[in-house]
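Asks: Pasting in a structure now, in structure tokens, and then I'll have a few things to ask.
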Amino acid sequence: MKNPMPDESTVSRREFVTGLTALGAVWLTAAACAKEAPKAVDSSASGIMPMANDSTSVPQALTHFTAEQAAELEAIASRIIPTDDTPGAKEAGVVYFIDQAMQTGGVAADQGPLFAAGLESLAKAAAKQHGATSKFSTLSAEQQDTLLKAIEKTPFFGAMRFATIAGFLALPKYGGNKDFVGWKVIGQEHTYEQKPPFGWYDQPDNQKALLGRVL
Amino acid sequence: MPQTQTKGKTFATDTAVDFVIIGSGIAGGSVARELTSRGFDVLVLEQGREVPPEDMEHDEIGAFMSSRWTNPPETSPQTFRKTPDAKAEKRQYLQYARVVGGTTFHFTGNFWRLRPIDFNEFSKHGAVAGADVADWPITYEELEPYYTAVEEAMGVSGEISTAPGEPRHSKPYPLPPLDVTGPGVLLEVGAKKLGWSSKAAPMAILSRPYKGRQPCHNCGFCLAFPCEWGAKSGSNWTMIPDALKSGRCEVRSNSYVRKIETDDSGRVTGVIYFDKDKTEVMQKAKAVVLSANGAETPRLLLMSKSNRFPDGLANSSGMVGKHLMFNGNVVANGLFEHEVHGHKGPVVTRITQEHYVPDPSLGFFGGGGIDMRFDVPALIRTLGMPVDGPEWGSEWKTRMRNWFTHSAAAYGHTTSLPVATNSVSLDPDLKDAWGLPAIRTTFKDHEHDIRLYKFFQDRAKELLGAAGAQKVYADPIPDEPGSAVHLLGTARMGNDPKSSVVDKFHRAHDVKNLFIVDGSSFVTSGRGQPTMTIQTLAFRAADHIAQFAKRREI
């Protein structure tokens, strides 16, 4: 079949993020070189309970960006996935995901200039509209959103949006999704086992009401 | 760091082993299992690595964005063009897993049998202009015992349907259907309302403990992920372990075959491969079974040219690499009132094949089936969310959360026609990291296929609507093809050596001790899910190959 995975084909058809999935694929390649040594299979629990290394959180520290750059990146990410009644990009440590992706290997480093230039250009826009001492991160949410709307079709914003979602939802070993907070927000559990009924429709009573029988 | 899987036997390179099998996927693994069980020595060469269970992570970036399991563009680049007159551009178009187990290492597990009509479409429906539709040299009835044997070997979960058009099954499925998921119930709701037939999806995933393996634990990381439980019946969890247990099999991973060697008489003498250090090794063999998938199989044949076989091995017909088919694949998404939670459980649990053979007056060839699913987990599902309002910020975040818990997708899986110019060939310029010619794909959908895709997308939307979707989303059918994962037809089977590469027993017409067994053998694409038929062909081929060997007819 044509690839059913809505990665390249679906996303690339969307004007908003044209080309960004490919970009993400490139700069995430290096990030995929996992730092963690795999843990052994724990066969003691329930027969063969697999315990892969995806439960680990990576200690969050910056190595690619400066603290100042990181503060700006975090401010942008926090407008893309804001903290509201549930945690957002900030709580997920998205900025550490971006930092880790940039640091490892040569391929990710290639995207450093795009992010650096994007930050610089945004800083100029902030200073121009709100005074020389203003930084993007010190503006109000409304002011920030106005500035971001003006650049939302740029490669930098597209890459930031992509990275923010990836940093929110990729495994913690990539630097973000701290303690699986992104998964919790959308309802994805970190587990190797689920038990039915899974949702509303497959509950036996609802099946009976909908179908007259239980499958 | 051991280079190879050390279980099983170890064969010397300078002594001819009974069979060298190239590829450890569902075809190669099955041939290995079936030949070792009949007393033959078998060496399986796999270009990828062996992945231990502790590395089988729920890693979306690895699975979808960084070729953790698949052929990586960094070392194995490809090119693509739509038509033979165009210059091919660099693009990773064909995808397959490059690990022990092949693509079944991370497949979805859809295990549909084909039906009698899939083997004699030319006789039933006649020719289609611009395509080379032909009957298979075998029938459904010839394959039926092997379908049954495969279901037993794999522990396929399912339930025989009595709907019109269903093929004959000589035995019930060995395991009952998997636990139904939200999308599965929604498919049934829609099908009931529309009066369409529907059934439990036949799946190569265990619903109960079977042959010492664990059943599905419904973790939800399935399509594109390996199964850490061993419940999804990939070759790495089933065929390969069975072959190794025989004591007559060695699986040599990280072994990338670059040439099948022949002597002056035209017989295969062995293979030359690169080991993990890129050192060339010559392995002698009495016979070779090529099961490298619909892309790598024709590529290796084309790379194995010699004075005697100037156009590539087994290619006197000129058919090697031609008639590449994928199965059409269309999708529509729906948002529902209540929580679907399709991210739990297997990808597919119920299907409809109501439109397996649509009315010919609709003006297109072929047909297919539809499933309802939630196919990918958190990150990829979110990135694939349809545009419907702001694309970031609080409102978008609310929509993202609702999308994850309340959506389901209807997928149509269909025929694609065999078109001679749709092909795998050797790129004249681009080389891979071993200095070998890159795969060049030429592919353009036949006009019938486009009409068929549109028909199936309309049915998918109709099904979602009937299931109660509050909103239905569908992208237009792209006029530019995407990437592809079902790789079929590139060394087609037939009785006539002038128009096919292998005979009905998968023996190359041109080379007595070379057999080609994988998706490349398909004459026509079938209607949706080919993996079970690939494996069934492998079971049948191995049965005949063993008989030939015993009669010294190889």
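Asks: Check the stretch B:108-128 and report whether any residue there is within 14 Å of the chain's Cα centre (by Cα) and among the small types (Gly, Ala, Ser).
Replies: Yes.
Asks: Out of the residues in the stretch A:168-190 that are facing chain B (nearest Cβ under 7 Å) and not small (Gly, Ala, Ser), which is nearest to A:VAL95 (Cα to Cα)?
Replies: Per the stated criteria, the residue is A:TYR174.
Asks: I need the full set of residues from the stretch A:187-215 which are small (Gly, Ala, Ser), over 15 Å from B:THR405 (Cα atoms) and outside any helix (DSSP H, G or I), in order please.
Replies: A:GLY212, the sole residue that qualifies.
Asks: How about the stretch B:173-203: which of its residues are in a helix (DSSP H, G or I), more than 8 Å from chain A (Cβ to nearest Cβ) and over 19 Å from B:HIS341 (Cα atoms)?
Replies: Within the stretch B:173-203, B:ALA191, B:LYS193, B:LEU194 qualify.
Asks: Among the candidates B:LEU143, B:LEU206, single out the residue that is buried (at least 18 other Cβ atoms within 10 Å of the Cβ), within 14 Å of chain A (Cβ to nearest Cβ) and touching a residue at least 12 places away in the same chain (Cβ under 8 Å).
Replies: Working: B:LEU143 fails: within 14 Å of chain A (Cβ to nearest Cβ).
One residue alone meets the criteria, B:LEU206.
Asks: State whether one or more residues within the stretch B:524-542 are in a loop (DSSP other than H, G, I, E, B) and without any contact (Cβ under 8 Å) to a residue 12 or more places away in the chain.
Replies: So far as the stretch B:524-542 goes, no, none of its residues is in a loop (DSSP other than H, G, I, E, B) and without any contact (Cβ under 8 Å) to a residue 12 or more places away in the chain.
Asks: Check the stretch B:482-489 and report whether any residue there is touching a Lys or Arg at 6+ places or on another chain (Cβ under 9 Å), closer than 21 Å to B:ARG451 by Cα, without any contact (Cβ under 8 Å) to a residue 40 or more places away in the chain and surrounded by fewer than 24 Cβ atoms within 10 Å (Cβ to Cβ).
Replies: yes
Asks: Also: For the stretch B:440-461, does any single residue satisfy the condition of being of a type in the set (S, T, N, Q), buried (at least 18 other Cβ atoms within 10 Å of the Cβ) and more than 21 Å from B:ARG299 (Cβ to Cβ)?
Replies: Scanning the stretch B:440-461 turns up at least one residue that is of a type in the set (S, T, N, Q), buried (at least 18 other Cβ atoms within 10 Å of the Cβ) and more than 21 Å from B:ARG299 (Cβ to Cβ).
Asks: For the stretch B:167-181, does any single residue satisfy the condition of being at pLDDT 95 or above, among the basic types (Lys, Arg) and more than 23 Å from B:GLU144 (Cα to Cα)?
Replies: no
Asks: Continuing with this model, one more query. With the condition kept exactly as written, say whether any residue in the stretch B:465-475 is modelled with pLDDT under 95 and at the interface with chain A (Cβ under 10 Å from one of its Cβ atoms). Spell out how you get there, then give the answer.
Replies: Initially, the stretch B:465-475 is screened for residues modelled with pLDDT under 95, giving B:475.
Now restrict to residues that are at the interface with chain A (Cβ under 10 Å from one of its Cβ atoms): B:475.
Yes - at least one qualifying residue is present in the stretch B:465-475.
Asks: How do the helices (runs of 4 or more DSSP H) wholly within the stretch A:39-138 filter down when requiring 3 or more residues that are modelled with pLDDT of 90 or more, more than 13 Å from chain B (Cβ to nearest Cβ) and surrounded by fewer than 19 Cβ atoms within 10 Å (Cβ to Cβ): which remain?
Replies: A:67-80, A:112-130
Asks: Return the residues of the stretch B:339-380 that are of a type in the set (D, E, K, R), buried (at least 24 other Cβ atoms within 10 Å of the Cβ) and not in a strand (DSSP E or B); say none if nothing qualifies.
Replies: B:LYS344, B:ASP375 - these are the residues of the stretch B:339-380 that are of a type in the set (D, E, K, R), buried (at least 24 other Cβ atoms within 10 Å of the Cβ) and not in a strand (DSSP E or B).
The rows are residues; the columns are (1) touching a residue at least 12 places away in the same chain (Cβ under 8 Å); (2) more than 9 Å from chain A (Cβ to nearest Cβ); (3) of a type outside the set (Asp, Glu); (4) at positive phi.
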residue: B:ASP359; (1), (2), (3), (4): no, yes, no, no
residue: B:GLY363; (1), (2), (3), (4): yes, yes, yes, yes
residue: B:MET372; (1), (2), (3), (4): yes, yes, yes, no
residue: B:TRP396; (1), (2), (3), (4): no, no, yes, no
residue: B:SER407; (1), (2), (3), (4): yes, yes, yes, no
residue: B:SER425; (1), (2), (3), (4): yes, yes, yes, no
residue: B:LYS431; (1), (2), (3), (4): no, yes, yes, no
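Asks: Moving to a separate point now. Restricted to the stretch A:191-215, and to residues that are more than 16 Å from B:PHE221 (Cα to Cα) and of a type in the set (S, T, N, Q), which residue is nearest to the other protein chains (Cβ to nearest Cβ)?
Replies: Ranking the candidates gives A:GLN207 first.
The rows are residues; the columns are (1) of a type outside the set (S, T, N, Q); (2) within 26 Å of B:SER525 (Cα to Cα); (3) surrounded by fewer than 17 Cβ atoms within 10 Å (Cβ to Cβ).
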residue	(1), (2), (3)
B:GLY266	yes, no, yes
B:ASP277	yes, no, yes
B:ASN315	no, yes, no
B:HIS323	yes, yes, no
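Asks: Can you confirm whether the stretch A:147-160 contains a residue that is within 9 Å of another protein chain (Cβ to nearest Cβ), out of contact with any helix residue (DSSP H, G or I) (no Cβ under 6 Å at 6 or more places or on another chain) and not in a helix (DSSP H, G or I)?
Replies: yes
The values are calculated or read from the model by the stated rules, or taken from the named source; none is laboratory data. Please read all numbers here as calculations on a predicted model, not as lab measurements. Glycine gets a Cβ as well: all are built from the backbone with ideal geometry, and neighbour counts include every protein chain shown.
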